[in-house]
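Undergrad: Sharing a structure below in structure tokens format, with a few things to ask.
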Amino acid sequence: MSLIDKRDTLIKKWLKKAAADIKESLKSDLNVETKTKRNDLVTNMDRQIERDFVEQIQYHFPEDQIVSEEGYGDKIEDIHLEENTVWFLDPIDGTLNFVLQEENFAVMLAVYEKGIGQQAYVYDVMRDELYWAIKGKGVYCNDQLLPKMSDTPLKDGLFASNSMYLSDKQVNLNTEITKQAMGVRTIGSAGIEATELAKGSVVAYVSYGLKPWDVAPGLILIEENGGVLTEFDGSPIDLLNTKPTIMGTPTANEEIQKMI
């Protein structure tokens with residue numbers, strides 16, 4: 001068994017357990033805390049799931065580094081992305097949705113070797129849909145291979161933005177993009193938004209505040225299926241820093257860059 005196949009088998013096993021634990025947690029009261037602001041939440045399950053994954057990764061792959069949301073992995077300043085194998089982990093992407101809706105959230109993992117994305121997993125827990133990709137082998141939803149994305153322009157598709165769509169910082173740009181697109185959608189989970197793009201349900205997704213663990217899995221999924229991710233100025237994504245991000249078909253990505 002190759003290293004990638006070993007990781008794939010283990011990750012899917014861990015995701016299955018995480019999903020079961022998350023669903024079970026919904027039967028009782030969650031311990032919910034506020035982080036940076038009132039809609040930036042963390043629960044006991046975010047911490048438990050991340051801790052479980054980190055322990056497994058460190059046991060099976062002790063030489064690898066981990067970038068994770070709740071702090072159980074390595075410090076960002078200690079990460080050597082171009083030299084090491086680095087895991088990016090978001091235990092519950094869309095915690096606000098998890099708490100208030102009990103849906104529209106995902107468990108996310110990505111593995112990069114010397115800066116190259118090799119494997120990505122976005123598990124929509126409540127729909128039991130696992131979107132995953134291994135570099136060079138396409139993108140799957142569970143066992144179904146997704147068709148490659150069409151290079152659709154904004155005028156022929158839907159535009160998606162993060163949940164701060166109407167904030168003062170974004171409203172002018174998003175209004176202009178929305179005028180060009182057929183409509184706008186927002187979910188509140190960068191991981192699920194990335195899967196919507198990968199399967200062709202939207203043609204672009206724009207966010208001002210993605211963290212490394214928010215963007216790393218989607219970067220692999222979207223590029224593997226024919227899409228493009230860039231920073232606002234068109235430069236490649238810097239996985240270790242937060243920058244405003246455009247995900248889209250090649251044409252839609254270019255159209256949005258010109259608006260900016």
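Undergrad: At a 1.4 Å probe radius, carbon and sulfur cover how many percent of the accessible area of the chain?
TA: Carbon-and-sulfur percentage of accessible area, whole number: 47.
Undergrad: Take peptides 186-197, 243-254, 58-69 and line them up by average Cβ neighbours within 10 Å, highest first, as a rough protection proxy.
TA: So the peptides 186-197, 243-254, 58-69, ranked by packing, come out 186-197, 243-254, 58-69.
Undergrad: Could you give the alpha-carbon Rg of the stretch 1-146 over 2.2 N^0.38 Å, rounded to two decimals?
TA: Numbers: Rg = 15.2 Å, N = 146, 2.2 N^0.38 = 14.6 Å.
With N residues counted in the stretch 1-146, Rg over 2.2 N^0.38 Å equals 1.04.
Undergrad: In square angstrom, what is the accessible area per residue of the chain with a 1.4 angstrom probe? Please list the in-between numbers first.
TA: Details: 12130 Å² over 260 residues.
Using a 1.4 Å probe on heavy atoms only, each residue of the chain averages 47 Å².
Undergrad: Which far-off residues, 5 or more places away or on another chain, put their amide H under 5 Å from the one on Thr85, with H placed in the peptide plane?
TA: For Thr85, whose amide H was placed from the backbone, the distant partners under 5 Å are Gln65, Lys114.
Undergrad: Next question. Which pairs break 32 Å Cα to Cα here: Lys179/Lys211; Lys199/Lys258; Lys23/Lys258; Lys13/Lys137; Lys6/Lys155; Lys16/Lys148?
TA: Lys23/Lys258; Lys6/Lys155
Undergrad: Kirkwood hydrodynamic radius, computed over distinct alpha-carbon pairs, for the stretch 98-163: how many Å, to one decimal? Walk me through the numbers on the way to the answer.
TA: Values: mean 1/r = 0.0707 Å⁻¹.
Mean inverse Cα-Cα distance, inverted, gives 14.1 Å.
Undergrad: Given the alpha-carbon gyration tensor of the stretch 171-260, what are the semi-axes of its equivalent ellipsoid in whole angstrom, ordered largest first, with each equal to the square root of 5 times an eigenvalue?
TA: Working: eigenvalues 63, 43, 32 Å².
Equivalent ellipsoid semi-axes, largest first: 18, 15, 13 Å.
Undergrad: I've got another one for you. Is the shape of the stretch 43-110 rounded, prolate or oblate, going by the alpha carbon gyration tensor and its root eigenvalues a ≥ b ≥ c, with a/c under 1.5 for rounded and a/b larger than b/c for prolate?
TA: prolate
Undergrad: Could you tell me the extents of the chain's C-alpha atoms along the three principal axes, largest first, rounded to whole Å?
TA: 49, 42, 37
The values are calculated or read from the model by the stated rules, or taken from the named source; none is laboratory data. Quick caveat, the model's predicted, so the values are computed rather than measured. Quick reminder, even Gly has a Cβ in these numbers, built from the backbone with ideal geometry, and neighbours come from all protein chains shown. Surface areas here come from the heavy atoms of the whole protein model, side chains and all, with no ligands, DNA or RNA. Shrake-Rupley method; radii C 1.70, N 1.55, O 1.52, S 1.80 Å.
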